[in-house]
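K.L.:
Next up is a structure, given as structure tokens.
No value in this document is a laboratory result; all are computed from the given coordinates. Predicted, not measured: the structure shown is a model, and the values here were computed from it. Positions of Cβ are backbone-derived with ideal geometry, glycine not excepted, and every protein chain shown enters the neighbour counts.
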Amino acid sequence: MLDKSVVESEYNQLLSRYTDPYRRARLLAAPAPHSGDWLHTLPISACGLHLEDSAIRVAVGLRLGCAICEAHPCPCGTMVDPLGQHALACKKNAARVQRHAWLNDLIHRALIRADTPAVKEPQGLNRTDGKRPDGLTLVP
């Protein structure tokens, strides 16, 4: 059995080798409580808990810090590095919008099942003139 102080010492040495914020954040998040719970989830499709093989490949690659794609230019003009993290936040990534809509639907269905009144935001509220949907301008 490993001594806890030895493990902590090796972990701190490993952490001190990385100055890159991405790698440091990944190493700090890995031992956090419940950070690996998704690995023990049963793949039940009816509950939306089934991941495609490609999604598991990407999730494991992100967790381990492995290269998950080839470097390539994104449609937004940014160069995507082999870690592929740009695609998770890119405004022009169509999958990002789909994930957002799917999550909204999942939360809405859960609230309805719990007999909690819930209304999703109506379509067409995203304005391009800088005003909020109620007609008031945004305060900088």
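K.L.:
Please report, in debye to the nearest 20, how large the charge dipole of the chain is about its Cα centre when each Lys and Arg carries +1 at its beta carbon and each Asp and Glu carries -1 there.
P.N.:
380
K.L.:
From the P(r) of region 69-118, can you give the percent of Cα pairs sitting at distances over 14 Å? The partial results should precede the final answer.
P.N.:
Numbers: 746 of 1225 pairs.
Of all Cα-Cα distances in region 69-118, 61 percent exceed 14 Å.
K.L.:
Say a paramagnetic label sat at a point 7 Å from the Cα of K120, along Cα to Cβ; which residues of region 87-105 have their backbone N under 18 Å from it?
P.N.:
Correct set: 94-105.
K.L.:
Using a Gaussian network model of the chain whose springs link C-alpha atoms within less than 10 Å, name the residue from N104, N12, N93 with the highest mean-square fluctuation.
P.N.:
Sorting by GNM fluctuation, first place goes to N12.
K.L.:
Under 13 Å Cα-Cα from K120, which aspartates and glutamates qualify once same-chain neighbours fewer than 8 residues away are excluded?
P.N.:
Counting by Cα, and skipping residues close in sequence, K120 has these aspartates and glutamates nearby: D105.
K.L.:
Residues of region 11-45 with amide nitrogen under 17 Å from the 7 Å Cα-to-Cβ point of S5?
P.N.:
Only 11-13 fall inside the zone, counting backbone N under 17 Å.
K.L.:
Specify which residue in the list C76, A101, A87 is farthest towards the positive end of the charge dipole of region 69-118, using unit charges on the beta carbon of Lys, Arg (+1) and Asp, Glu (-1), about the Cα centre.
P.N.:
A101
K.L.:
Which residues' amide hydrogens lie under 5 Å from the amide hydrogen of V80, considering only partners 5 or more residues apart or on another chain, with H built in the peptide plane?
P.N.:
H72, C74
K.L.:
Taking the C-alpha atoms of region 1-101, how large are the radius of gyration and the largest Cα-Cα span, Dmax, in Å?
P.N.:
Here Rg and the maximum Cα pair distance are 16.8, 51 Å.
K.L.:
Hey, another quick one. What list of ³J(HN,Hα) couplings, whole Hz, do you get for region 104-109 from phi and the Karplus terms 6.51, -1.76, 1.60, once you set θ to phi - 60° and write x for glycine and proline?
P.N.:
Ordered by residue, 3J(HN,Hα) equals 4, 5, 4, 5, 4, 4 Hz.
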